[in-house]
Amino acid sequence: MTVPEEMYRAYTLLNEGKEEEAWQIIENWEKKEHLNPEEKHLYFAFKGSILLLTGRLEETLKIVEEHYQESISQNNTLYAIDALIWKSITLFMFLRLPEMGECITLCEDMLESMLNEPVSEIEWRQAMTWYIKGYYLFNTNRFNKALKELKKSFKIIEKYEYLSVVKPIILSAFGLVYTGIGELDLALSSHNESLNLSKGDYMVIKLINATSYYDIGMIYFQRGELDLAIENYEKSLKLWSQFTSPMAIAWVGIEYNSLIKVFLYKDAPERAKEYLDRFQKYNEGKKTPNLLFFNLSKAQILRSSTRTRDQADAERELKKIIIFFQYFTPALIELSDLYIAEYQTTHNLEILKEIQPLIEGLLGVSESINSYSLQAHAFLLRAKLSFLQINMGDARRYLTQAQKIAQEHGLLLLAREISAEHDKILEQINEWESLKRKKSSIKERMDLASLDITIDRMQGRRALDPPELVEEKPILLLIMSKDGVPYFNHSFIEGWDDQDLFSGFMSAFNSFSSEFFSKSIDRIKIDENIILLRPVESFMICYVIKGQSYPALMKLTRFSDAIKWKSEIWEALNRAVKTSEMLEFHKPSSLGDVVNEIFNL
């Protein structure tokens, strides 16, 4: 048999769970004395991939580096790409993400130079490169870009039967990305399909299954299905405990902490303590024990106590963690939660000042690791704290900022939920003003701010649950200068007096213009109407509606982009600034077409 035929056979055996038979093929080839250059390169790639999939990582790194250097010296780009693919995956196993990113870039550059090669030579290499790039992007919190790369990869991999060994790996990655963007049903479906396709007992498949079981457990925890969460966390812990790499030790700590959180949430502190004891015994046998998650778990158990002394001890433990690990997100969130609970009890406004640096820490973490979900939630938490202090301008500014971050980075479910909260605040504005006048109790403010929901989501205890999208009722669309000079206005409702409607809007706009511009607020409520705003260079686009803001904001964004990139409209607007002329629905001619297309007239 030729090397390609043997490779195909080995991958098939591995995918069937016959690891020893796959290794026998490798050993048979190693006994051969004479391999031509092509066979030798194929053998290198063949052995490197099997070494990787079965967990012999140090040997993998050595052979793929040797393979790469020899390929470069012989000017064989295709084989150099093969070596880089397996090297990238191996570097991830060692958590060497910067080097992994460099390998992927080099791989893409090489593929770009080889596009004239036969499709059969290039396509599967592209698929593998897109897969590792997708996984890399996921681990750097760029979920939408990761999803795009994984979809391209999976489409090709499905065409090649021998690559079926990779399918459960990619499906698990899909699950992780869908969880990251809040699409939990799609995440569960992907993970379950990955587990159903997983066969064999080799190292990579165990790690992939462990990752899927953990993510499934987290999804069930968010949905409140605690027994299913425990069942899947246990399966994941059992798999991770079989390995001794730094990554595995880190994951064992995460699993123990996750189980402890579930039992505390179930109000079963004794079970949580049992798992803490198990965690301690696990650490005792390790040269580098996982003290970070152990100390966090200890603090969380102390927090669950009703005794004042235990609460104080929990605070000290969390502060110690933050001192040594400044950007450890779970500790920052846990301490924030502790202070919020203390504020509810004591009503001491000084406690809120203690939370501000913790939020700054969360924002620092989110920027350093590109976690836009964490960043949006940190601004949302900041908004809720501003509500508690009846600082409505800052609160709404932070809500706008939180939604903008979520929207721009593809976290659409989160953006919808934040927008719904903002709409709710607008409806409650009179209640907030009333609370401010009568110097309301902290409990009343806490109930209205629904701070517990935000903290629960940040701690992974609650799934996103945005309302169903309902199309808004459009009323008025305007383009004006930031000084309030109108250049275009269009009423969507027949029979209304356009001039009266426009005048009423302008009166409201002038009354609130300082809020629009100084506080970067994207909406305001006037009677039953919501006014949405979008700045475009020197212009302000305004859309007046009744109903939900989120779908209307999406249309307003599309319209704002369209008028800027349609040269006829943009030039007409800039002429209007000089001539003070009003644009009309079909003057310029493309303006009416854009309005009709976007607002579905």
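The values are calculated or read from the model by the stated rules, or taken from the named source; none is laboratory data. This is a predicted model, so every value here is computed, not measured. Methodologically, a virtual Cβ is constructed for each residue, glycine included, from the backbone with ideal geometry; neighbour enumeration extends over all protein chains shown.
All but one of (1) in contact (Cβ under 8 Å) with a residue 24 or more places away in the chain; (2) under 22 Å from the mean Cα position of the chain (by Cα) hold for residue 137; state the number of the condition that does not hold.
Only one criterion is unmet by residue 137, namely (1).
Which members of the stretch 320-336 meet the condition of being charged (D, E, K, R) and closer than 23 Å to residue 371 by Cα?
So in the stretch 320-336, the residues charged (D, E, K, R) come out as 320, 334.
Within the stretch 320-336, just 334 meets the criteria.
Please state which one of 170, 122 is outside the structural domain of residue 368 (by TED's automatic domain parsing), over 24 Å from residue 19 (Cα atoms) and of a type in the set (A, V, I, L, M). Walk me through it before giving the result.
Details: 170 fails: over 24 Å from residue 19 (Cα atoms).
It is 122.
Conditions tested, residue by residue: (1) surrounded by fewer than 14 Cβ atoms within 10 Å (Cβ to Cβ); (2) in the same structural domain as residue 446 (by TED's automatic domain parsing).
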| site | (1), (2) |
| --- | --- |
| 262 | no, no |
| 271 | no, no |
| 298 | no, no |
| 318 | no, yes |
| 336 | no, yes |
| 350 | yes, yes |
| 355 | no, yes |
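Please specify each residue of the stretch 163-190 satisfying the condition of being outside any helix (DSSP H, G or I) and in contact with a helix residue (DSSP H, G or I) (Cβ under 6 Å, 6 or more places away or on another chain). Please lay out each step first, then the result.
Here is the first cut: in the stretch 163-190, the residues outside any helix (DSSP H, G or I) are 182-183.
Once the filter is applied, which keeps residues that are outside any helix (DSSP H, G or I) and in contact with a helix residue (DSSP H, G or I) (Cβ under 6 Å, 6 or more places away or on another chain), the stretch 163-190 yields only 182.
With respect to residue 378, determine if the residue is part of a helix (DSSP H, G or I), closer than 19 Å to residue 332 by Cα and without any contact (Cβ under 8 Å) to a residue 40 or more places away in the chain.
On the way: part of a helix (DSSP H, G or I): yes; closer than 19 Å to residue 332 by Cα: yes; without any contact (Cβ under 8 Å) to a residue 40 or more places away in the chain: yes.
So residue 378 fits the description; yes.
All but one of (1) surrounded by 15 or more Cβ atoms within 10 Å (Cβ to Cβ); (2) among the aromatic types (Phe, Trp, Tyr); (3) over 20 Å from residue 456 (Cβ atoms) hold for residue 379; state the number of the condition that does not hold.
Of everything listed in (1) surrounded by 15 or more Cβ atoms within 10 Å (Cβ to Cβ); (2) among the aromatic types (Phe, Trp, Tyr); (3) over 20 Å from residue 456 (Cβ atoms), residue 379 misses just condition (3).
With 355, 359, 390, 369 as the choices, which residue is in contact with a Ser or Thr (Cβ under 9 Å, 6 or more places away or on another chain), on the phi > 0 side of the Ramachandran plot and β-branched (Val, Ile, Thr)?
Numbers: 355 fails: on the phi > 0 side of the Ramachandran plot; 359 fails: on the phi > 0 side of the Ramachandran plot; 369 fails: on the phi > 0 side of the Ramachandran plot.
Within the list 355, 359, 390, 369, the selection yields 390.
Of everything in the stretch 78-100, what is buried (at least 18 other Cβ atoms within 10 Å of the Cβ) and without any contact (Cβ under 8 Å) to a residue 40 or more places away in the chain? Give them in sequence order.
79, 80, 83, 84, 87, 90, 91, 100
Would you be able to tell me the number of residues in the stretch 193-213 that are touching a Gly at 6+ places or on another chain (Cβ under 6 Å), surrounded by fewer than 18 Cβ atoms within 10 Å (Cβ to Cβ) and either modelled with pLDDT of 95 or more or part of a helix (DSSP H, G or I) (or both)?
Qualifying residue count, the stretch 193-213: 0.
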